[in-house]
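The values are calculated or read from the model by the stated rules, or taken from the named source; none is laboratory data. Everything numeric here is computed off the predicted structure, so don't read it as measured data. Neighbour counts are summed over all protein chains in view; Cβ atoms, including those assigned to glycine, are modelled from backbone coordinates with ideal geometry. Side chains are part of the model used for accessible areas, which takes the heavy atoms of the whole protein and leaves out ligands, DNA and RNA. Shrake-Rupley method; radii C 1.70, N 1.55, O 1.52, S 1.80 Å.
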Amino acid sequence: MWDARAPQLRRRGQGVVISLLLLPLLLLLLLAGAASGQQQVQPPPLPPVPPADLPDVERQLNNLTDNVAATISDKFSFCVADAKEDWNEAFNYTSDLSFVDRCLTETRGDLPQRLCTPDEVKFYFSSLYDRDGDKNINLKTNINCNISYWEKGCDAGWACATNPVQDPRNRGSNGIPLRTSNCQACCEGFFCPRGLTCMLPCPLGSYCPRATANQTTGLCDPYKYQITPNTTNSCGGADMWADIQSTEEIFCPAGFHCPSTTKKDNCSSGHYCRLGSTAEEKCIIKGSCDENTENENIKILGACIVGALCLLLLIIYNFSDKFLSIRERRKARSRENAIQLARQQLKAQERWKAAKQFARRHVNDMQGHLSRTFSRRRSFRQKVVPEKSSHRVQEAPLMSQVQMQEMSDSAVFASQSTNEITEVMPSVIVDVSDDGEVVATKEKPVPKGKHRSTHTQVFKYAYGEIEKEKFQQQENKNLTFTGVIAMVKDQQKEITRPLLKVEFRDLTLMLGKKKLLRSINGELRPGRVTAVMGPSGAGKTTFLNAVTGKVSGYKMTGSVLVNGKNVNIRSYKKIIGFVPQDDIVHGNLTVEENLWFSAKCRLSASMKHRDKVLIVERVIDSLDLQGIRNSLVGTVEKRGISGGQRKRVNVGIEMVMEPSLLILDEPTSGLDSSSSQLLLRALRHEALEGVNVCAVVHQPSYTLYNMFDDLILLAKGGLMVYNGPVKMVEEYFTTLGIHVPDRVNPPDHYIDILEGIVKPESGIKAKHLPAHWMLHNGYEVPSDMQDDVKEIGEQTPQFRSSSSLSGSTPHCLPIRNAFAEECDRLEQHLSKPKDLSSRKTPGIFMQYKYYLGRVTKQRLREARLLMVDFLILGLAGICLGTIAKLSDKTFGMPGYIYTIIAVSLLCKIAALRSFSLERLQYFRERESGMSSLAYFLARDTIDHFSTVVKPIIYLSMFYYFNNPRSTIGDNYVVLFALVYCVTGIGYTFAICFSPGSAQLCSALIPVVLTLLSTQRSTPTFLKRLCYSKWALEGFIIVNAKKYPGVWLITRCGLLFQSQFDIHNYKLCILVLFMYGLFFRMVAFAAMILLKKR
């Protein structure tokens, strides 16, 4: 009669075919253990084994066990982590051999004759499936069960014994012995397959009682097979052990635990028992587990963990700004104290000088009076020494030297060079009493070992210098000519920056066939502020880019000389400042933080900290940024400082690095007249330090226009119309018959002429002005402009540079003569530094430290975005943990697939913000010589915080709602590696693609790769390229290890079907980390290459 479960066995299972070949070897080991137990509990009716032979039998069984374990490890290692451990978890019955004792009693001692031989075990498992992986309805025929011969033991749940004395001729072709005697029902704890007349022991975690007949269905419960008429009249034992989809009835039910294969106990209160459990598991919260609980409800614990994490993140979010604000308030108090001290000391110095002058005048008057009264000799003897005057005015090394104020600074104590003070003299504190009396007292010496500079001391030095400079500027207004000459000489001696003179000869720039600049000749001199003007489309910004070497992708002819040498100007990028037209600043940093970062990364590494403070404070003061120094610059979404203030911060970022060449692209655009004049005054102060300043300006006021030293006027088409001093421009155009009307701003009038809005009274054409300038200076006229020269003809003004003009401005002379005249002067200034670009800025590690501090502040101010990411990730964990409920049949694979897709998508999108939002800022910093590697590593390092926390957030939801068998620690390691991997991929998308395309790729790639890796038809090599395959394999491996005993066949079948290896856990983690590292390297390389392009 056909088995009632025949339709169930028709299901295809190609992956289980190979995995089930493991069972013959495992059951050989089982037979050895069972036979050993049988020797120990053999009842008295059977003759005992002779004492002399018992050690030999045990030795043979142990050898058999070792051989089987070795065979398993070699041939079936993909699903067996440890052969001995898995054997102990599946077939170690030493703790309870009662079922063997009962079976010996039932079989009257012939149990060894009823157990299957290795050939029969192999025959059973090889007959369940054909070569195509299809399940067979029945086993193949054999010597005991065939068409002509069918013993009772051939029925499901029945078995027979072999003859005590075996005849080798009574064996089938497949090695199966003849079994015809004592056929009876299969013992409890064993299963007897249909079509095979032997018994196999059930694995641990199963429940194999004797079957009972169901009078309603006619089936033998709980195994659901029918009694064969005319052969057996009662139900036998268990009939099959395979994967859970085929033989779920043999598994120990959920809510119970089975210490042995014949005993089933209820799960007590405070414990839970999963399907196939051999022991109870304690519940973390005992009150949540009633009797016969199948699985622990740990959602409450997950909610508690989420609450704790939310509280922690909320604290970080609320206190992050307070922490930064506390630091800023402390620095602000130190700064205010320093300002007050500096101003008080400056006033005290003035009063001290006034008192000294008064005392000297008084002493001189007294000497004159005495000299007239006494003789010369006597008066000489009685001469009053000024130092012994009764006045309370004591000469001492006062604080006219600011260095004497700061002798407690560690930098002064450490200085031992010949150019610095070698002996520390006690400084004097000048105090002014209430009655106006000046008192000078010595400052108490600083104790040894306490030379560390404080914020107040550093700010005291900086603002002392600033106040001193302001005072000197006020005094310089009333200087005589001799005083001006002395002041200029002092300033020249104090110039420490390398001077850069930039000359451009026949400079032509082309994009394809279009000429953006044509035959540009001229120069930019150090110590001068040059304005670049012209109508729209004249190529003013293009001219600046050509001068600074930012012309990649263009075809440039001509040459740009630096200090008379034909070298690449980009080699001087560390001392060149370029202020872009757009205000490219960090909106989530304060004004002071933007300036300080630029100063720390771009100033000399050997510069003292207090000197850097002086530079930054001087720039903040000169640009009038004191009131907003601690205000966030702001972004499009979050309002910050005003547009004009943002423009000044944009300029200040370049000023704090003390450039030798400062290029500004429309720095006054968007500024009112007062702000523009404030900015120009700051630029002129830079020019006094020897800086070569060049700025593009639009429609400057007359006052602002006169603040420039030189003018470069460009016409449409990139042609030069004028390059010379501002004071000589009207004189030059007057010779061409172009006069500026009254009450009209000269640059506006000239630009109107170039635009064609105004026509000159002399009749000269605007398109001829570039040719006039070339002919005027003796430059070579391009061939395509010869027609303009012919049109000009004899009407060309014969203006030549006068002696006064040539002496004051070499711009109107040929460049060679101009350079020859000033070569000696430039060499004197340029001979001090060996290399103009030899400024040693901080190295990669120091820049990494500075970037790390900056990114940390940015992340603390972006805590709200981070919390939103964590919230979305937690909600995804709740949804997926609830929807994708754990299935023991698949080891939770669907839930892990959804996890990989969701975590990859969310983490990639979050990683896009790390680089896509600051692309312009990075380009600017890269152009200025900052380290791209330090920038990349710093952002990646700070993102590691999210890489560590995000798996905790997700697992605190998913794990406690899904409750898989694997530990949360194992799941965390895999998820951490996955987040690290996808974050690197997100970096690559953010750098290589536009924001829209990067978001689209981040959403599609995880889904596509996960589907490819889970399809059986996908080629193996393609699966291995998918990171989702390694993540899923890691999750399944850590879960499969928690399915021992009766789950062994199910584990092997699933692993083989998915092409996973249980030993690849470490490999999966390593591959995910290598993927993350590889894509980070790709992202960094793309960042460098795309920047160059």
Among the candidates Asp155, Asp110, residue that is modelled with pLDDT under 80 and either surrounded by fewer than 22 Cβ atoms within 10 Å (Cβ to Cβ) or charged (D, E, K, R) (or both): Asp110
Give Gly640, Gly670 a once-over and let me know the one that is more than 14 Å from Phe578 (Cβ to Cβ), open to solvent by 20 Å² or more (accessible area, probe 1.4 Å) and under 34 Å from the mean Cα position of the chain (by Cα). Gly640
Selection over region 691-703 where residues are open to solvent by less than 10 Å² (accessible area, probe 1.4 Å) and either within 41 Å of the chain's Cα centre (by Cα) or modelled with pLDDT of 90 or more (or both) yields a count of 7
Here are some conditions: (1) closer than 25 Å to Tyr935 by Cα; (2) crowded, with 19+ Cβ neighbours inside 10 Å; (3) modelled with pLDDT of 90 or more. Arg839 meets all but one. Which one does it not meet? (3)
Cβ-Cβ below 6 Å, separation at least six or inter-chain, first residue in region 1029-1046 and free of Cβ contacts under 8 Å to residues at least 40 places away in the same chain, second of a type outside the set (Asp, Glu) and in a helix (DSSP H, G or I): which pairs? Lys1029/Ser1013; Lys1029/Lys1023; Glu1033/Cys1068; Ile1037/Tyr1065
If you go through region 919-967 one residue at a time, how many are of a type in the set (S, T, N, Q) and on the phi > 0 side of the Ramachandran plot? 1
Failed condition for Ser622, given (1) within 26 Å of Thr856 (Cβ to Cβ); (2) of a type in the set (S, T, N, Q); (3) open to solvent by 20 Å² or more (accessible area, probe 1.4 Å), with all others met? (1)
May I ask you to list pairs of residues, at least six apart or on different chains, whose Cβ atoms are under 7 Å apart, with the first in region 759-785 being farther than 16 Å from Gly737 by Cβ and the second being open to solvent by 30 Å² or more (accessible area, probe 1.4 Å) and modelled with pLDDT under 85? Asn777/Pro814; Gly778/Pro814; Val781/Val789
Filter region 1009-1034 for residues that are outside any helix (DSSP H, G or I) and touching a Leu at 6+ places or on another chain (Cβ under 8 Å); the one that is farthest from Phe1078 (Cα to Cα) is Thr1018
Has region 532-551 got any residue that is open to solvent by 20 Å² or more (accessible area, probe 1.4 Å), more than 41 Å from the chain's Cα centre (by Cα) and at pLDDT below 90? yes
Considering each of Ile1088, Ile1037, Ile1062 in turn, give the residue that is at pLDDT 90 or above and either at negative phi or not in a helix (DSSP H, G or I) (or both). Ile1037
Check Ala213 against each of (1) under 26 Å from Leu1054 (Cβ atoms); (2) modelled with pLDDT of 85 or more; (3) touching a Cys at 6+ places or on another chain (Cβ under 7 Å) and name the one condition it does not meet. (1)
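Residues checked against (1) at pLDDT 85 or above; (2) buried (at least 18 other Cβ atoms within 10 Å of the Cβ); (3) farther than 28 Å from Lys513 by Cβ:
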residue: Leu736; (1), (2), (3): yes, yes, yes
residue: Asp742; (1), (2), (3): yes, no, yes
residue: Gly763; (1), (2), (3): no, no, yes
residue: Lys767; (1), (2), (3): no, no, no
residue: Ala771; (1), (2), (3): yes, yes, no
residue: Ser783; (1), (2), (3): no, no, no
residue: Asp787; (1), (2), (3): no, no, no
residue: Ser802; (1), (2), (3): no, no, yes
Any pair with Cβ under 6 angstrom, 6 or more apart, that starts in region 208-221 at a residue that is within 19 Å of Lys264 (Cβ to Cβ) and ends at one that is open to solvent by 40 Å² or more (accessible area, probe 1.4 Å) and assigned to a loop (DSSP other than H, G, I, E, B): Pro209/Glu188; Arg210/Glu188; Asp221/Asn214
Criterion (under 35 Å from the mean Cα position of the chain (by Cα) and either open to solvent by 80 Å² or more (accessible area, probe 1.4 Å) or at pLDDT 70 or above (or both)) met by exactly one of Glu336, Glu328: Glu328
Report those helices (runs of 4 or more DSSP H) wholly inside region 569-686 carrying at least 3 residues which are farther than 26 Å from Phe708 by Cα. 591-602, 609-622
For region 86-125, enumerate the residues that are outside any loop (DSSP other than H, G, I, E, B) and farther than 23 Å from Ala185 by Cβ. Asp86, Trp87, Asn88, Glu89, Ala90, Pro118, Asp119, Lys122
Among the residues of region 748-755, are any hydrophobic (A, V, I, L, M, F, W, C), touching a Leu at 6+ places or on another chain (Cβ under 9 Å) and either free of Cβ contacts under 8 Å to residues at least 40 places away in the same chain or on the phi > 0 side of the Ramachandran plot (or both)? yes
Take the residues in region 707-717 that are at pLDDT 90 or above, closer than 24 Å to Ser536 by Cβ and outside any strand (DSSP E or B), then tell me which one is least open to solvent (accessible area, probe 1.4 Å). Phe708
Ser1002 being among the polar types (S, T, N, Q) and farther than 22 Å from Lys1023 by Cα: no
Please find, among Arg570, Arg518, Arg528, the residue that is touching a strand residue (DSSP E or B) at 6+ places or on another chain (Cβ under 9 Å), modelled with pLDDT of 90 or more, open to solvent by 30 Å² or more (accessible area, probe 1.4 Å) and not aliphatic (A, V, I, L, M). Arg528
Name the single residue, out of those in region 172-183 being modelled with pLDDT of 75 or more and open to solvent by 40 Å² or more (accessible area, probe 1.4 Å), that is farthest from Ser234 (Cα to Cα). Leu178
